[in-house]
Each structure stands twice: as C-alpha cells, then as structure tokens.
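One structure is given below, encoded as structure tokens.
The values are calculated or read from the model by the stated rules, or taken from the named source; none is laboratory data. The model shown is predicted, which means the values in this text are computed figures rather than measured ones. Reconstructed Cβ throughout: ideal geometry from the backbone, glycine too, with neighbour counts over all protein chains shown. The accessibility values were calculated without ligands, DNA or RNA, using every heavy atom of the protein model including side chains. Shrake-Rupley method; radii C 1.70, N 1.55, O 1.52, S 1.80 Å.
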Amino acid sequence: MCSRRPLQWRGRRDSVAAPIERVRAAVRSLEGRRAVAEESYHAVLKRRAERGKNILKPGFWRQAWLVLSGLAIALVLSWFAARAASRPVLPLIAAARRTGSGLVDQPAAVPTDPDLAQVAFALNEMTALVASRAREEGRRQLLDRTISSLEDERRRIARELHDDVGQSLSALLMELRAQKSAGVLASMLGSELEVRVLGLIDSVYRMALDLRPALLDDLGLIAALGRQIEELTARHGLPIDFQSVGLEREMPRLPRGIKTALYRVAQEALHNIMRHAHAQRVSLVVIRRPDEVVLLVEDDGVGFDVESIRHSADALGVLGMEERVTLCGGTLTIESTPGQGTNLRARIPLSEAIS
Amino acid sequence: MTIRILVADDHTVFRSGLRALLQREADLEIVGEAGCADEVLERLQTTQSDVLLLDLAMPGGLSGPQLAEAAAKAQPAVRVVVLTMHEDTHYLREMFRVGVHGYVLKKSGIEDVLRAIRAAALGEFYVDSALGGLTVSSLLAQPAPVTEAPGAVLTAREREVCRWLALGYTNAEVGRELFISERTVESHRTSIMAKLQLPNRAGLVRFALDSGLIK
C-alpha cells in the first residue's frame with residue numbers, strides 16, 4: 001500500500017491540478033476499497049468467531065467418545081494380548097491339576113517358550129516324583145499284605161499241624177497204649193508203633209514251631225523269644241543273654257503285627273550271628289516304653305561292612321528285616337565294624353490307641 | 001476214696017483211650033467228658049469232680065492258657081491237670097502261674113498222667129517227668145541279680161549314662177541328651193561295664209532294672 005501523504009507541487013499549479021485530482025480520486029477510491037476490504041475482513045473474523053462459539057459443544061463429546069472407545073479398544077486388545085500370552089500356560093495349569101488329582105500318567109507337553117519350558121520340566125519332575133511316591137505306596141501296601149498273609153498262612157498251617165495232626169497222633173498214641181495194656185495188641189508190635197507215633201508227634205510239633213510258634217500268639221513276644229533262644233543255645237552252644245523291660249507277661253498285649261515283626265527280626269538277626277559272626281556272647285534286649293518298642297541285638301563277633309552286605313547274598317535277609325520294621329512305621333539300624341561286632345536296633349512306635 | 005475226674009479233649013479217640021486206661025485204676029472214676037471250651041466250663045459247674053484233665057488245644061474262643069485260667073478260677077476246689085503237646089517251660093510256667101496243679105505231655109506214658117492226677121487230688125503240684133530237665137535248666141538260666149560291689153560304685157554321671165543306655169539309646173543319642181560327646185559316653189560305658197563286670201547291654205539293662213534306675 002502506498003503512502004497516503006498528499007502529493008504537492010509548487011509553481012506550475014494549474015497545469016498539474018487535473019492529474020493530481022485524478023490521483024486523489026484514485027487514492028480515495030483505493031481507500032474506499034480498502035475500507036470495504038477491511039470491513040469484510042472483520043466481518044469474516046467476526047463470523048468465524050461466532051461459528052467457533054457454536055461448534056464447541058459437539059466437539060467436546062466427540063473427543064470424549066473418541067477417548068472412551070480408544071480405552072475400550074485398548075482393554076479388548078490387552079485382554080486378547082493377555083489371553084494370547086497365557087495360552088501356552090493353560091496346558092501346564094491343566095497338567096498341574098491332573099497331578100494334583102493323582103493322574104500322573106500324562107506328562108505336560110513342553111512349550112517352545114524357554115521360560116515356560118523350564119516350568120514344564122519342573123512340573124514333569126514333580127509329576128514323576130508323585131508317580132514314584134504313588135508306586136512306592138502301592139508297593140508298600142502290597143508288601144504289607146504279602147507279609148501279613150504269609151504270617152496268617154503260617155499261623156494257620158502251624159495251628160492245623162499242632163491242633164489237628166498232632167492231636168490226632170496223640171489220640172492214636174493213647175489208643176495204642178490202651179489196646180496194648182488191654183492185651184488186644186501184641187506188646188512188641190505195640191511198643192514199636194508207639195515209638196513211631198512218638199517220632200511223628202515230635203516232628204509235627206517241631207514243624208509247627210518252626211513255622212510260627214503258638215507261644216507268640218498264646219503267651220507273647222518274650223516267651224516266644226525265650227523259646228527261640230533256648231533252641232539256638234541248645235543247638236549252637238552259644239550263650240544268648242536276654243533281658244526285657246516292661247514286657248513281662250506282655251500286658252497290655254503288643255499288636256500282632258509289631259510282635260511278629262520283632263520276633264522275625266530277632267530270629268533273622270540271631271540266625272545271622274550263628275552263621276557268620278563267630279561271636280562269644282550275644283545280647284538281646286527288648287524294651288517297651290510308653291511310645292515305642294526297641295529291640296537291640298548285639299554281638300561281639302567278627303562284624304561286617306554294612307554297605308557291602310547290601311550287595312551280597314545276605315542282602316535279602318537285611319532287606320527283609322528292614323521291610324518288616326518299616327511296615328510297622330519303625331526304623332532299623334545296623335552298625336557294624338569288621339572285627340568289632342555288630343549292633344542291630346529296631347524301633348517301632350506304639351500308637352496311643354495301643355499303649 | 002475215689003478221685004472223680006472230668007476229661008476235656010476234643011478228640012473222642014483220645015478220650016476213649018484215656019478212659020480205657022484210667023478205668024483200670026481202682027481209685028479213679030471218670031465222672032464227665034467235655035469236647036470244647038464252653039462244655040468244660042459248663043461241666044465244671046454241673047459235675048461234682050476233684051480233678052480236671054484239660055487239653056490245651058481245645059476249639060472255642062479261648063486260647064489254651066485262657067481256658068486253663070478260666071477253669072482254675074471257676075472252681076478252685078477242682079484241681080486242673082493240663083495235658084498238652086507243648087514241651088516248653090514258658091507254657092509250663094504260665095500254667096502254674098494261672099493256677100493249675102499238674103503239667104503233663106500228651107506223649108508221656110499213662111504213669112505220668114496217673115501221678116499227676118493223684119498229686120493234684122492231694123493239692124500237690126506235678127511236672128511231667130520228661131520236663132524235669134528243662135525246668136531245672138530254665139531255673140538255672142535265670143540270671144543272678146547284678147549289684148554294685150563295694151569299691152565299684154557308679155558315679156552320678158555313670159548312673160545317668162547307664163540309665164539312658166538301658167533304655168535302648170545309642171552312645172551318640174545319650175551324648176546328645178546329656179550334652180556330652182559320643183566318646184565321653186563310650187568311656188563312661190566302658191567304666192560302667194568294668195565296675196559291674198557286665199558282659200553286654202543285656203547285663204547293663206538287668207543292672208538298671210535291679211537297681212531301680214529304670215522300671
């Protein structure tokens with residue numbers, strides 16, 4: 001825009017007056033147009049400002065809606081993302097649940113994610129452990145049943161031998177003697193038959209005793225052990241020093257399972273000593289305390305290496321003793337040093353109900 | 001005066017054989033027979049008898065020793081003579097403990113039965129002649145009590161160690177209980193054994209019992 005300073009000429013005024021006037025008119029016209037332009041400009045500005053006032057409200061709601069839906073989308077997306085992230089964990093959770101409910105035959109599949117793979121490995125290790133525990137428990141129960149049915153069978157056969165066969169033979173002997181004394185049976189033949197029947201009675205009695213002494217059931221552990229010791233001492237000439245505490249007359253009675261286990265362990269231990277120990281003296285102690293029974297078998301024999309015996313032919317004997325005690329909830333320890341004798345100890349807890 | 005006898009055995013053959021042998025004796029009379037535990041206890045109440053000849057392996061709920069005890073207690077005036085296959089001093093001791101008067105093996109001759117009946121009728125006790133040896137050796141096998149000799153008295157600590165050992169604890173366990181080392185326990189143990197001249201743990205336990213260290 002040019003300067004609005006009026007153009008002025010001195011001297012030749014009349015000659016330049018007309019063009020000046022034209023210029024002034026032009027300027028005026030320009031100024032008028034400028035004012036119009038300015039006016040319209042302001043009008044536009046004003047209109048704009050008014051329009052701005054009018055669109056403020058709908059703009060706010062739109063923005064709020066945008067934000068909210070953005071949030072919702074984010075939520076949904078993150079839910080999908082979380083789901084996608086947890087999807088590989090789901091089989092592991094299922095596997096853990098299976099293990100928890102005792103189904104241990106299906107290990108969890110190992111996912112590709114290395115961290116999850118670690119979890120799967122740990123889980124499968126745990127499942128394997130649970131499985132082996134379950135197998136162990138099953139094996140234990142089977143063994144328990146096997147041993148108790150073995151003892152039941154022995155008791156039954158021993159009793160039948162003693163009460164049935166033995167008694168019948170005694171009756172036969174009585175009959176023979178009656179016939180003989182009545183003169184019905186020739187004296188020579190009678191005596192010969194008598195000797196034979198006596199021999200039979202003895203062997204039947206011994207068979208029953210070896211299977212399972214009736215003493216153990218009739219009179220208890222101490223009587224049965226006492227008898228066992230008398231037999232062994234008579235057969236091997238080795239003195240066995242026997243002392244019991246708190247079990248005289250065995251009142252109240254020890255449970256049959258515990259009594260049998262201790263009897264068999266002592267029997268095995270004493271037989272081992274007779275066979276291998278070359279001992280001078282043997283000590284057998286049974287102690288009943290309110291909460292447990294303890295059996296101690298100690299000898300002054302040659303001893304042995306406890307670890308190596310587990311890999312030898314005698315391992316079964318040791319294992320058998322261990323199993324019997326373990327099945328009663330007890331512990332068996334054998335301490336031996338070559339040249340310094342052997343100490344065996346079996347401890348079996350007595351439950352409240354029993355003692 | 002005749003001795004009235006009740007015969008209890010579940011084998012009729014045995015009873016008839018016994019009857020045949022006893023009938024030959026002028027002073028004996030069989031007044032009743034029983035074939036099971038219940039019958040024995042019933043006949044004891046209903047029959048006037050002096051001696052009960054009792055088999056130890058009778059059918060019924062009671063074991064031999066239980067039946068013998070029940071019979072001996074039911075009629076104290078009736079003396080019980082046990083006839084058994086058990087060639088064993090533990091049964092023998094238990095039988096006399098519950099109150100029988102005679103213990104005779106079934107395989108023994110009738111002479112033993114007769115002697116037992118006559119002794120029992122007089123209120124005396126009779127042990128089968130075949131069991132005399134066993135009875136004597138079982139008496140001899142009873143160990144003599146262990147006591148402290150003068151000059152071989154245990155110290156208080158040794159007494160303590162002795163008590164734990166007699167309860168079945170190992171050296172290590174006794175050490176833990178008494179806050180001393182296993183080695184110290186071992187030396188106490190050696191000292192106890194030497195002072196009391198004990199050969200082994202059984203002897204030690206016996207001393208602890210005899211001297212009241214344990215009950």
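Here are a few things to note about the model shown:
- Of the chymotrypsin sites (Phe, Trp or Tyr not before Pro) in segment B:125-215, those whose Cβ has at most 16 other Cβ within 10 Å and which sit in DSSP loop: B:PHE125, B:PHE179
- Only the Cβ atoms of Lys and Arg (+1) and of Asp and Glu (-1) were treated as charged; on that basis the dipole of the protein assembly as shown about its Cα centre amounts to roughly 7320 debye.
- Amide H contacts of B:LEU28 (H built 1.01 Å from N, under 5 Å, at least 5 apart or other chain): B:ILE3
- Anisotropy class of segment A:194-322 from Cα gyration tensor, a/c 1.5 cut: oblate
- Rounded percent of accessible protein surface that carbon and sulfur make up, segment A:125-166, 1.4 Å probe: 56 percent
- Inter-label distance for A:SER203 and A:VAL165, nm, one decimal - labels placed 7 Å from Cα along Cα-to-Cβ: 0.9 nm
- Acute angle (nearest 10 degrees) that the helix A:315-327 long axis makes with the longest principal axis of chain A, alpha-carbon atoms: 70 degrees
- Accessible area buried between chains A and B, both sides summed, probe 1.4 Å, in Å² to nearest 100: 3800 Å²
- Residue-normalised convex hull volume from the C-alpha trace of segment A:48-193: 166 Å³ per residue.
- Rounded FRET efficiency, nearest 0.05, which uses the C-beta distance separating A:ALA94 from A:SER187 and R0 of 60 Å: 0.10
- Extending 7 Å from Cα along the Cβ direction at A:ARG156 and again at A:SER29 yields two label points whose distance is 14.0 nm.
- Once divided by 2.2 N^0.38 Å, the Cα radius of gyration of segment A:257-354 becomes 1.06.
- Solvent-accessible area per residue for chain A (1.4 angstrom probe, square angstrom): 62 Å²
- Since only B:ASN200, B:VAL7, B:VAL82 are under comparison, the one whose Cα sits farthest along the positive direction of the charge dipole of chain B, derived from C-beta charges on Lys, Arg, Asp and Glu, is B:ASN200.
- Residues whose amide H lies under 5 Å from that of A:VAL282, counting only those 5 or more places away or on a different chain, are A:ASP241; hydrogens are built 1.01 Å from N in the peptide plane.
- Nearest-0.05 FRET efficiency for A:GLU125 and A:ARG87, computed from C-beta distance (R0 22 Å): 0.40
- Placing a label point 7 Å from the Cα of A:ALA134 along the Cα-to-Cβ direction, no residue of segment A:67-92 has its backbone N under 16 Å from that point.
- Dividing the Cα radius of gyration of segment B:1-59 by 2.2 N^0.38 Å, with N the residue count, gives 1.05.
- Taking all pairs of distinct alpha-carbon atoms in the protein assembly as shown, Kirkwood radius in angstrom: 32.2 Å
- Between B:THR12 and B:LEU140, the C-beta separation translates, for a Förster distance of 35 Å, into a calculated FRET efficiency of about 0.30.
- Positions from segment B:8-49 whose accessible area shrinks by 40 Å² or more when the full protein complex is built, not the chain alone, probe 1.4 Å: B:HIS11, B:VAL13, B:PHE14, B:LEU21, B:ARG24
- Solvent exposure, largest accessible area first (probe 1.4 Å, DNA, RNA and ligands not counted), of A:LEU215, A:LEU71: A:LEU71, A:LEU215
- Model label sites at B:ARG176 and A:ARG275, defined 7 Å from Cα along the beta-carbon direction, differ in position by 3.2 nm.
- For segment B:4-98, accessible area per residue (1.4 Å probe, heavy atoms of protein chains only), Å²: 38 Å²
- Helical mean residue ellipticity (222 nm; -39500 (n - 2.57) per DSSP H run of 4+; nearest 500) of the protein assembly as shown: -19500 deg cm²/dmol
- Segment A:150-269: equivalent-ellipsoid semi-axes (sqrt of 5 x gyration tensor eigenvalues, Cα, Å): 35, 16, 12
- The GluC sites (Glu not before Pro) of segment A:247-355 that DSSP puts in a loop, and whose beta carbon has at most 15 other beta carbons within 10 Å, are A:GLU352.
- Charge dipole of segment A:219-306 about the Cα centre (unit charges at C-beta), most positive-ward option of A:GLY303, A:VAL282, A:THR233: A:THR233
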